[in-house]
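One structure below.
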Amino acid sequence: MLTVADLSVHYGRIRAVRGVSLRVDDGEIVGLLGPNGAGKTSTLAAVAGALRPAEGTVTFDGTEVTGHSAERMVRHGVTMVPEGRRIFATLTVAENLSLGATARRDRAAVSGDVEDQLERFPVLRRYYRSPAGRLSGGEQQQLAIARALLARPRLLLLDEPSLGLAPLLVDLVFDTIARLRAEGITVLLVEQNASRAVELADRCYVLRGGGIVAEAPRGQLHPDRLGALYLGDREVL
Amino acid sequence: MTTAVQFVLDALTAGSFYALFALGIALIFGIMQLVNFAHGELIMVGAYVVYLTYRWPWPAMIAATVAAVVLLALLMERIAFRPVRGANPATLLITSFAVSFLLQNLAQMAFTTLPKSADALPALSRSITAGRITISWLSVVTIVTTAVLLVALALFLRRTRLGVQMRAAAEDFGMAQLCGVRGNRVVAAAFAIGGVLAAAGSVLLVSQTGGISITMGLAPVLFGFTAAAVGGLGSLPGAVAGGYLLGFGTTLLQYALPYQLAGYRDAFLFLGVFALMSLRPGGLLRTAGAEVRV
Amino acid sequence: MRTVAVRAGLLCAVVVAAAALGQAGDPRLVRATGTALIMLVLVLGLNIFIGNSGVFSFGHLAFMGVGAYVTVIARLSEAQKSFQLPDLPGGLAGLELSGPMAVLVSGAVAAACAAVLAAPVVRLSGLTASLATFAILIAANSVFENWETVTRGSAGLILDADPPGIWTLVLWACLAVVVAVGFQRTRTGVRLTASREDEIAARAVGIRVWAERGAAFVLSAFVVGAAGSLFAQYFSSLNPDSFFLTLTFTAIAILVVGGLTTVTGAVAGTLVVSVALELLRLVERGVYLGGWKVPSRSGLAEVGLALVLLGVLVVRPLGITGGHEIDRLLRRRRPRPPRRRTPAPEEEHGHPARTA
């Protein structure tokens, strides 16, 4: 579904991503792991259209989408939940959700989808008319995911969804992601919480210093191996 | 007693003008972090359109003014501001300054520096007298028009999809784009609305003063931006409140300043603004925002 | 120390050369050269504060006005003084200074005014600072217009003293260059530049940003006030509008076109913009282009300047000099050592190219 080839992202003279290639197949959950500063967020942002890559190509469903803006990517079916949730605090939960559906052509189905998300995340129903800034961190994360899902994405990009959340909520988040796979949504997931990500994902890539240093299916990334990769070992790919 | 009522009416009228101008500036600032000095030139151009069309039936005159000003606002956004979107605040400020300067001098080439006069909406210069209070129809129309526009804007922002998108974009432009909001459309809409507000302001202004000159945009933009800053730049309710506060402030100064000091009204006002910016950079009405502590 | 000497020397050489060319032409050109030299002093003054601190002050022309008015009062002949300013308070009425002294005293008075205002201003940053300084400009303009006993209000004043010659102006301009370059390299200047690049980091290492800014603010007001004095002496007439938005805009345009942060930018910008303005004014007055008369339109020069400024802002915001000083620009020919490869840290606050 998604193919990234030789992606490079530069911030001025800093090369955050250097020649990254990866792919995500239909219905998979793919994890993007790595230490801080490895280039995971930049890679995701480039796919989502929030950044323009300096080099490389991004192909989605056979169409080349390199450098397409975020607005366009949403309409292609790629939605991102960025790091830190970034819900609109001064807008109500209802308005936040409706914004997720901005790009939808089938307006009639939207309210049904809103209902589905409220079923999935009951706390949102309770605060439906309140300003989103009133929600706790975990609740905001649920709102952010619900908002992204309202765009009916084919590919969902998640940047550190469990960051800063209490363990119980981390469970909720990962359960939700697993259920998304069951519903047929493909997920590309950036995570610091490597152990949970490794359990959940079908495949994982490990980034370090802007490049991919390992790729492995589920069950083959043990904690020691992961630790070594984070800290400096290089694997022959 | 009558002085009090007269004072309130004068203050409300002045406040309505300032609120209109302030809102136009706050709207753009909220979305783009740009203090648009050229907003004054929108008002100036509107006034010149009134000058050119004041003999037409008034609905046509108003329609022409709104159309011309909105068109100019959209052109301004597309040509001058879109290329520098996202640049640092100083660059944005200078860009708007440059556009303002450009338009003023273009107007000078077209109309020369000689002021013009136009008797727009003469019906409004009549007054109503109730007891010892005299209200001009113009004051009434100004206050009512402003109130109507404010309500309309509030409804637009709360009840329409584009309005919600605009509020989202003002809070977090990048995230709005990640939701699929078309950034260009939202910014253009904000400029268009600013244009409508400027056009309304210019029609009312010309009706009130009868005079049109190429530098007439300066005072409105200064007062408008001051009002918006008082209310906390970027906050729309703040801009409105700031406008009325400023209206009361300037009217008070006008009533209270002894004759010899009357000319210094602007000096007092802007020294006050200076003091305000120094003490409460976030605006009078905002609670002290997150100050970066090092 | 060597850098100061080299840099100031190079820039002064440029100034002297340009002035030599200019003053050899017809009277209009000579006048334009004089104007450019005064603009240069003004822009250098602005550069001292804006260029080094990164804080955009729109209010500095208030200090120029102060300097100008002080000079006029100090240089008017007795007869003219009692005619134009009959109600001048005693102390000021008796004030009499030579040309050069007037420049220095005007600068000092302007600096004193700045010192009073500095305390609140320097603690502000970014937009708020710009807006606050803009308020100063408006307030000052209102005072100039209304304090008729001292300024004669909007009627303005006419100075009947002999204007300085071109080479006197060149001397003052070179002095200003030396001050600007010198300040850049003082400890205050260097710390200030650090705060410009990253205010938070600078404060974190203990730089008292506001103190550094205050020093720059006062020094720049001195230079700007001196420019005002030269303005008054050279043009021999002024009114409150002389130190308001038009001149502010021209000065800012020069700074941006030349390159905000460098003294070289100030010099280059003044040169380029002065030449451009002169050419545009020629066109403005009606010029024969191969037999076809371009109609004259007042305001064309300003339109041209505004368009140039907009162009620069969009295409090359760092200005002609791109943020480099003249000694660096000349040295660029030498080959650079190869860059080492180090792993890239994840940059959270960088500015990658954004998709539209």
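Rolled with a 1.4 Å probe across the full set of protein chains, the surface gives A:His10 an accessible area near 50 Å².
Take every Cα pair under 8 Å whose residues are at least 6 apart in sequence, average their separation, divide by the length of chain C, and the relative contact order is 27 percent. Dividing the summed -39500 (n - 2.57) terms of all DSSP H runs of n ≥ 4 by the residue count of chain B sets its mean residue ellipticity at 222 nm at -23500 deg cm²/dmol.
Taking each pair of distinct Cα atoms in the protein assembly as shown once, what is the resulting Kirkwood hydrodynamic radius in Å?
Numbers: mean 1/r = 0.0330 Å⁻¹.
It is 30.3 Å.
Ordering C:Ser154, C:Phe144, C:Ala132 by the projection of their Cα atoms onto the charge dipole of the range C:2-242, which places +1 on the Cβ of Lys and Arg and -1 on the Cβ of Asp and Glu, puts C:Ala132 at the extreme positive end.
Which sequence of C:Arg208, C:Arg31, B:Arg85 reflects their accessible areas, 1.4 Å probe, from the largest down? It would help to have the intermediate numbers written out before the result.
Working: C:Arg208 140, C:Arg31 110, B:Arg85 65 Å².
Result, largest first: C:Arg208, C:Arg31, B:Arg85.
Taking the DSSP beta bridges with both ends in chain A, the antiparallel portion is around 55 percent.
Between B:Ala188 and A:Tyr128, what's the calculated FRET efficiency when r is the beta-carbon distance and R0 is 30 Å? Round to 0.05. Walk me through the numbers on the way to the answer.
On the way: r = 31 Å, r/R0 = 1.04.
E(calc), rounded to 0.05, equals 0.45.
The long axis of helix C:2-23 is offset from the longest Cα principal axis of chain C by roughly 50 degrees. Expressed to the nearest 5 percent, the antiparallel share of DSSP beta bridges inside the protein assembly as shown is 65 percent. Between the amide H of A:Arg208 and those of A:Val213, distances stay under 5 Å, these residues lying 5 or more places away or on another chain, with hydrogens modeled in the peptide plane.
Projecting the Cα atoms of C:Pro120, C:Ala5, C:Val105 onto the charge dipole of the range C:2-242 (Cβ charges, centred on the Cα centre) puts C:Ala5 farthest toward the positive pole. Highest mean packing first, where packing is the average number of other Cβ atoms within 10 Å per residue, the peptides B:37-46, A:113-122 line up as B:37-46, A:113-122. Axis angle, to the nearest 10 degrees, between helix C:27-46 and the longest C-alpha principal axis of chain C: 60 degrees.
When only alpha carbons are used to place a centre, the range C:66-136 and the range B:206-283 end up 26 Å from one another.
Basic side chains Lys and Arg get +1 at the Cβ, acidic Asp and Glu get -1 at the Cβ, and with that the dipole of the protein assembly as shown about its Cα centre reaches some 860 debye. Averaged over peptide C:254-260, the number of partner chain Cβ atoms lying within 10 Å of each residue's Cβ comes to 1.
Order B:Tyr259, C:Tyr234, A:Tyr230, most accessible first, counting only protein heavy atoms with a 1.4 angstrom probe.
Greatest to least solvent exposure: B:Tyr259, A:Tyr230, C:Tyr234.
Report the one residue of B:Thr215, C:Leu44, B:Val66 whose Cα lies farthest in the direction of the positive end of the charge dipole of the protein assembly as shown (charges on C-beta: Lys and Arg +1, Asp and Glu -1; origin at the Cα centre). With unit charges placed on the Cβ atoms, the residue in question is C:Leu44. Relative protection proxy for C:211-220, C:16-25, from highest mean packing down: C:211-220, C:16-25 (other beta-carbon atoms within 10 angstrom). Accessible surface ranking for C:Leu137, C:Leu329, 1.4 angstrom probe, highest first: C:Leu329, C:Leu137. Adding -39500 (n - 2.57) for every DSSP H run of four residues or longer, then dividing by how many residues chain C holds, sets the calculated 222 nm ellipticity at -22000 deg cm²/dmol.
Considering only the other residues whose Cβ falls under 15 Å of the Cβ of B:Gly272, what net charge follows from Lys and Arg at +1 and Asp and Glu at -1? Net local charge, B:Gly272 excluded: +1. Here the range C:2-242 is treated with +1 on each Lys and Arg Cβ and -1 on each Asp and Glu Cβ, and its dipole about the Cα centre works out to around 920 debye.
Among residues other than A:Arg104 whose Cβ falls under 9 Å from its Cβ, what is the net charge (Lys/Arg +1, Asp/Glu -1)? Please list the in-between numbers first.
Working: positive: A:Arg105, A:Arg107, A:Arg152; negative: A:Asp106, A:Asp113.
Value of the local net charge: +1.
Other residues with beta-carbon under 9 Å from the beta-carbon of C:Val209 carry, at +1 per Lys or Arg and -1 per Asp or Glu, a net charge of +3. Here chain B is treated with +1 on each Lys and Arg Cβ and -1 on each Asp and Glu Cβ, and its dipole about the Cα centre works out to around 500 debye.
When Cβ neighbours within 10 Å are restricted to other protein chains, what is their mean count per residue of peptide B:2-11?
Details: counts 0, 0, 0, 0, 0, 0, 0, 0, 0, 0.
Neighbouring Cβ atoms belonging to other protein chains average 0 per residue here.
Once the Cα atoms are used to define both axes, helix C:263-284 deviates from the longest principal axis of chain C by about 60 degrees.
The values are calculated or read from the model by the stated rules, or taken from the named source; none is laboratory data. As the structure is a prediction and not an experimental result, all values here were calculated from the model. Counting neighbours? That spans all protein chains shown, and the Cβs are built from the backbone with ideal geometry, glycine included. With ligands, DNA and RNA removed, areas are computed over all heavy atoms of the protein, side chains included. Shrake-Rupley method; radii C 1.70, N 1.55, O 1.52, S 1.80 Å.
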